[in-house]
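The block underneath contains the structure these notes are about, expressed in structure tokens.
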Amino acid sequence: MSKDKTFLGLADFLIPAHGEMPAFGSVCSFADAEKALDFRVDLKEGFERGLDADPALSAEAHLEKLNKEDGAAFTAVTTIAICTYYMNPRVRELLGYPGQESVQYDSKATQIYLTDGSLGHVLARGRKYRPTPGL
Amino acid sequence: MNVESLSERGARARRDEEVDVAIVGAGPSGSVAALHLARAGLSVVVLEQGEWPEYNDYTGARPEHELVSTKLWHPNPNVRDNPNDYPVDTSTTDINPLMFAGVGGSATLYGAQWMHFLPSDFRVRSLDGVAEDWPFSYEDLLPYQLEIEREVGVSGLAGDPAFPPRGPYPFPALPIGSVGLRGALGMERMGWHWWPGSNAIPSEKFGELNACVRRGTCLTGCPEGAKSTTDRSHWPLALKAGARLVTRARVKEVETNDQGLATGVVYVDANGRDRRQRAKVVILCANGVGTPRLLLMSGGAKHPDGLANSSGMVGKRLMMHPFASILASYEDPLDSWRGPFGQQVYSLEFYETDERRGFVRGSKWNCMPSGGPVGVSGATGSKVYVAEEGRFQDFWGANLHENVARRFGHSLIWGIVGEDLPEESNQVVLSKDLVDSDGLPAPQIVYKVNENSNRLLRFNIDRCLESVRAAGAIETLVSTPVRESGWHLIGTTVMGDDPKRSVVDQWGACHDVPNLYIMDASTFPTSGATNPTATIMAVALRNTRRMIAERRNQKVA
């Protein structure tokens, strides 16, 4: 089996369709995974080993074997699968995740905890610290 | 001209030039010392094994952030595998030490939580009968704390009843967001202390620092240049004042003369060549692992147990703040990828000793967002919430989608920092077989979480679970003690008045080598339970001021 088919088989087992969320292979390609791998060259060797699958094994059995016998390969395959998936714009849209966005705010705005009384309760509960002895 | 090009002008001293002060390490303490010594007119050379941060390499604003940061910006040097770092032998420790080599030091990857130690932290023997009192008090240090806050550009809200009264912070507190409000709600329902987070992140532009935009990637380097690290807060000023900074300079030995005085340091430069920097005074600011490592590598045949180690205390009493975390998920959306990451609110409810709890000293809690979908999935990456015996299927397939749907954008994390009591058996030694990229022995950490810490964490976890459930948590995940949590490296060259029981005096001067100083957290007699950077920088400023005032009385080679 080619590497791309092997990987997509493993990735679809790891990340199947569920509710609104698509399966890995519905939104991501092997080329996407290879691009992700370019960000993590340290995973390349393990990724290659992880795709060297016995065709007689199911995706789950192959992953089970990797997890037990070659942790580095398991980590490489699963890390690339999950990160590729959650980098995908369609997946992010479905999750409502804009990425680590920049948020503007007014630094001088009065914060709600100052007006709703909650911080006042903290103050009302009194001093917490133990002072320096002898002062 | 930018800061880096300014730093390249004549950074390395001329051959055989003797400078007034050589400083090892350009992190928080070394940067404070360099700035203030240079402003006082002393000639200063700082030797830093890492490089200037490259802000374009911080991936926080890019889609690949979670993929890249778990390697390139991992706080564990063994995972990061960067040749500028040294490896650490962690085969004999419960907690991995975390650090970063570069201008700005390990703060490059800190959460920027800005907390003073409390008055009781300086008087643990007097108040609780454990460990030792510090040679100075909270009140002695407070003026330096406030001065450092102005240099760093701290945001916060004064008036916290968990601290003695103090003046305002330089900048208004950052927004606490939905995460902070939910964390506060739980504390409020329990009737417990909480307060809006104080962070070394200005909420308005300040010098070379930009205003925070809540990118939420503080722990993996701030691409906005908003998190205060000394490459931006101190070095532009230090270089203008005349301090010189040599990067990729790994110090391998502090040299001394026949009179036992320091004469300078030997370092390996970027080309792998040994160089000597002569100096009247040497200051070590290489963190609680790097500083004792360097002393243990120094001294030669005259001091086979290491330099400045007649007390036998170099490397001992390592404290790393055992840490637990609780992830709590809620039905309501909390936008829990938004920053600031370090602490949106904190609690000191259980900071002080109550012996009915079955342990002494206490904890500090900080409430932070839980981050992106990969991290909260628990499936890979940090592995914080993955049990070793867990089946991989528990985190994949439909479970992955359900875990992410429940947690992503809907969860917060309470971090629990426990005070770590000093024990001589917890220590830094030199590895017998592991070396760095220059062939120098790596440090080995020998460390066990003690029974007091275990009890402390258990108690605080139980209380934290009560709090998050009071605020409506539908799921909680506990990790304790978190192995990858040794951010705070404390105590390994302890300060004190007795040269037989301590390495340095209260001003950071080594008892054995009076012109060799240590100004990082290695000197702290106890660890407190707050994040130590504020105290590290304040103590460095106090020591530096004293050094300047006493410069004419300084014994030199």
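The values are calculated or read from the model by the stated rules, or taken from the named source; none is laboratory data. Model, not experiment: these values are computed from the prediction. Cβ coordinates were reconstructed from backbone atoms using ideal geometry, including for glycine residues, and neighbour counts include every protein chain displayed. Ligands, DNA and RNA are stripped out before the accessible areas are found, and what is left, the full protein with its side chains, is counted by its heavy atoms. Shrake-Rupley method; radii C 1.70, N 1.55, O 1.52, S 1.80 Å.
Table: residues versus (1) at pLDDT 95 or above; (2) farther than 30 Å from B:Arg39 by Cβ; (3) part of a loop (DSSP other than H, G, I, E, B).
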site	(1), (2), (3)
B:Phe459	yes, yes, no
B:Glu466	yes, yes, no
B:Ala473	yes, yes, yes
B:Pro481	no, yes, yes
B:His488	yes, no, yes
B:Thr493	yes, no, yes
B:Arg501	yes, yes, yes
B:Ser527	yes, yes, yes
B:Val539	yes, no, no
- [ ] State all residues of the range B:152-184 that are open to solvent by 30 Å² or more (accessible area, probe 1.4 Å), more than 8 Å from chain A (Cβ to nearest Cβ) and part of a helix (DSSP H, G or I); if no residue qualifies, say none.
- [x] B:Ser178, B:Arg182
Open item on the list: If I ask for residues that are within 13 Å of chain B (Cβ to nearest Cβ), assigned to a loop (DSSP other than H, G, I, E, B), in contact (Cβ under 8 Å) with a residue 24 or more places away in the chain and farther than 25 Å from B:Val79 by Cβ, which ones from the range A:19-57 would you list?
Closed with: A:Glu20, A:Pro22, A:Cys28
TODO: Taking the residues in the range B:340-358 that are within 9 Å of chain A (Cβ to nearest Cβ) and among the hydroxyl-bearing types (Ser, Thr, Tyr) as candidates, determine which candidate is surrounded by the most Cβ atoms within 10 Å (Cβ to Cβ).
DONE: B:Tyr351
Open item on the list: Quick check on the range B:394-445: of everything there that is assigned to a loop (DSSP other than H, G, I, E, B) and touching a Pro at 6+ places or on another chain (Cβ under 8 Å), which residue is surrounded by the most Cβ atoms within 10 Å (Cβ to Cβ)?
Closed with: B:Asp420
Task: Check on B:Arg406, over 20 Å from B:Gly60 (Cα atoms) and modelled with pLDDT under 95 - done: no
- [ ] State which residue is farthest from B:Ala286 (Cα to Cα) when the search covers only the range B:27-57 and only residues that are assigned to a helix (DSSP H, G or I) and more than 19 Å from the chain's Cα centre (by Cα).
- [x] B:Asn56
Open item on the list: Looking at the structure I just gave you, is B:Thr533 within 15 Å of the chain's Cα centre (by Cα), at pLDDT 95 or above and open to solvent by less than 10 Å² (accessible area, probe 1.4 Å)?
Closed with: no
Open item on the list: Out of the residues in the range B:192-238 meeting the condition of being among the acidic types (Asp, Glu) and assigned to a loop (DSSP other than H, G, I, E, B), tell me which one is most open to solvent (accessible area, probe 1.4 Å).
Closed with: B:Glu208
- [ ] Give the number of residues within the range A:110-127 that are hydrophobic (A, V, I, L, M, F, W, C), over 12 Å from B:Glu188 (Cβ atoms) and more than 8 Å from chain B (Cβ to nearest Cβ).
- [x] 1
Task: Single unsatisfied condition, A:Gln111 versus (1) open to solvent by 60 Å² or more (accessible area, probe 1.4 Å); (2) without any contact (Cβ under 8 Å) to a residue 60 or more places away in the chain - done: (1)
TODO: Would you check if B:Leu318 is at pLDDT 95 or above, open to solvent by less than 10 Å² (accessible area, probe 1.4 Å), over 20 Å from the mean Cα position of the chain (by Cα) and not basic (Lys, Arg)?
DONE: no
Task: Tabulated pairs, the range A:73-89, first at the interface with chain B (Cβ under 8 Å from one of its Cβ atoms), second β-branched (Val, Ile, Thr), C-beta under 6 angstrom, 6+ apart or interchain - done: A:Thr78/B:Thr380; A:Thr79/B:Thr380; A:Ile82/B:Val374; A:Ile82/B:Thr380; A:Cys83/B:Val374; A:Tyr86/B:Val374
Open item on the list: Let me confirm something: among A:Leu94, A:Leu10, which residue is open to solvent by 40 Å² or more (accessible area, probe 1.4 Å) and more than 7 Å from every other protein chain (Cβ to nearest Cβ)?
Closed with: A:Leu94
TODO: Would you mind stating whether B:Val32 is at pLDDT 95 or above and within 14 Å of chain A (Cβ to nearest Cβ)?
DONE: no
TODO: Quick one: B:Val79 ticks every box in (1) assigned to a helix (DSSP H, G or I); (2) open to solvent by less than 10 Å² (accessible area, probe 1.4 Å) except a single one, so which number is it?
DONE: (2)
Task: Search result, residues across the range A:60-72 that are facing chain B (nearest Cβ under 8 Å) and of a type in the set (D, E, K, R) - done: A:Glu60, A:Glu64
Task: The lone exception for B:Thr70 - which of (1) more than 10 Å from chain A (Cβ to nearest Cβ); (2) in contact with a Ser or Thr (Cβ under 8 Å, 6 or more places away or on another chain); (3) not in a loop (DSSP other than H, G, I, E, B) it fails - done: (1)
- [ ] Tell me, please, whether a residue that is open to solvent by 10 Å² or more (accessible area, probe 1.4 Å), out of contact with any Ser or Thr (no Cβ under 6 Å at 6 or more places or on another chain) and of a type in the set (Val, Ile, Thr) can be found in the range A:33-42.
- [x] yes
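Matching residues to (1) within 10 Å of another protein chain (Cβ to nearest Cβ); (2) open to solvent by 10 Å² or more (accessible area, probe 1.4 Å); (3) touching a residue at least 40 places away in the same chain (Cβ under 8 Å); (4) farther than 29 Å from B:Leu219 by Cβ:
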site	(1), (2), (3), (4)
B:Tyr110	no, yes, yes, no
B:Asp128	yes, yes, yes, yes
B:Pro143	no, yes, no, yes
B:Leu146	no, yes, no, no
- [ ] Consider A:Val77 carefully, then state whether it is over 22 Å from the mean Cα position of the chain (by Cα), open to solvent by less than 20 Å² (accessible area, probe 1.4 Å) and not polar (S, T, N, Q).
- [x] no
TODO: Residue by residue through the range B:165-188, note down the ones that are of a type in the set (Ser, Thr, Tyr) and under 30 Å from B:Arg469 (Cα atoms).
DONE: B:Ser178
